[in-house]
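Q: Submitted below is the structure of interest, expressed as structure tokens.
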Amino acid sequence: MLTIGQLAGYVGVTTKTIRVYHAKGLLPEPPRDASGYRRYSAADAVELIKIRTLAEAGVPLARIGELRTGGLRPAIQQIDDDLAARIRRLQDTRARLRQLADGRLSALPADVVSHLAGLRALGFSERWVALQNDLWTLVFATHPETARANFRDQSSMLDDPALLSLVLEYDGVHDLDPHDPRVDALASRLVAATRARYGTELPAYDRGSAIPALVQGAVNASSPAWRRLDALIRAGLR
């Protein structure tokens, strides 16, 4: 029979750890002898070794009791599944940290990121690409339920050569004087293209939301020509 100190020394834990296991019901407390000391048997040592082994494997103390009383294999499989999921989350976190360090962290879905990366090859300016990135980040963060439909609608415009040409021209008038005749001419063509694409039922995503106006306000704020272009388009669509 062993004292608690002897048991702790043989098994390689502290007496405090053994008392914690007693308190949590993992290791039954043996009866005291005539001198008032608890005496531990070989069976107690074996149980303590099993508990220590599970704890060192990373099993939470709260789960060790389940393992000791229930089926060992299914319980360990569940813990293994939980650990695998935690590892995946940690790996995702590491990947996002690497992206952040490289300046590549994005809150956008992969296909949106790919679309934005392809804008340069279509002839859009870096200014336009950066603006689109910020605006889609705002839309997907605030309206995830409708952002996908918005994105499909807007990105599909670039599959039409005529519409692509108009959007490229929109990008290109950024630095023009707002009263340049080219701004008025582009506004007229955009109104006609919008009517041809949507008819009289213009898209009204996120009805009641302030975000669309905030998005357009961000676009207009970057260029007086774009601000006048937006005003002309709105007037033409009324």
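The values are calculated or read from the model by the stated rules, or taken from the named source; none is laboratory data. What you are looking at is a predicted structure, and each value in this text was computed from that prediction instead of being measured. Backbone-built Cβ (ideal geometry, glycine too); neighbour counts: all protein chains shown.
Q: Would you check if A147 is loosely packed, with under 13 Cβ neighbours inside 10 Å, assigned to a helix (DSSP H, G or I) and of a type in the set (A, V, I, L, M, F, W, C)?
A: For A147, the condition - loosely packed, with under 13 Cβ neighbours inside 10 Å, assigned to a helix (DSSP H, G or I) and of a type in the set (A, V, I, L, M, F, W, C) - is not met.
Q: Out of everything in the stretch 24-60 that is in contact with a Phe, Trp or Tyr (Cβ under 8 Å, 6 or more places away or on another chain) and of a type outside the set (V, I, T), what residue ends up being surrounded by the fewest Cβ atoms within 10 Å (Cβ to Cβ)?
A: Restricting to residues being in contact with a Phe, Trp or Tyr (Cβ under 8 Å, 6 or more places away or on another chain) and of a type outside the set (V, I, T), the top hit is A45.
Q: I'd like the full set of residues that are modelled with pLDDT of 90 or more and farther than 22 Å from G65 by Cβ, limited to the stretch 4-41.
A: G5, Q6, G9, Y10, R39
Q: Quickly run through the stretch 149-162 and pick out the residues that are more than 19 Å from V112 (Cα to Cα) and in contact (Cβ under 8 Å) with a residue 24 or more places away in the chain.
A: Scanning the stretch 149-162 gives a single hit, A162.
Q: Exactly one of (1) over 21 Å from Q6 (Cα atoms); (2) in contact with a Lys or Arg (Cβ under 6 Å, 6 or more places away or on another chain) is unmet by D33. Its number?
A: Of (1) over 21 Å from Q6 (Cα atoms); (2) in contact with a Lys or Arg (Cβ under 6 Å, 6 or more places away or on another chain), only one is false for D33: (1).
Q: Take D153 and decide whether it is acidic (D, E), exposed (fewer than 15 other Cβ atoms within 10 Å of the Cβ) and farther than 17 Å from G217 by Cα.
A: Judged against the criteria, D153 is a match.
Q: D111: assigned to a loop (DSSP other than H, G, I, E, B) and exposed (fewer than 13 other Cβ atoms within 10 Å of the Cβ), yes or no?
A: no
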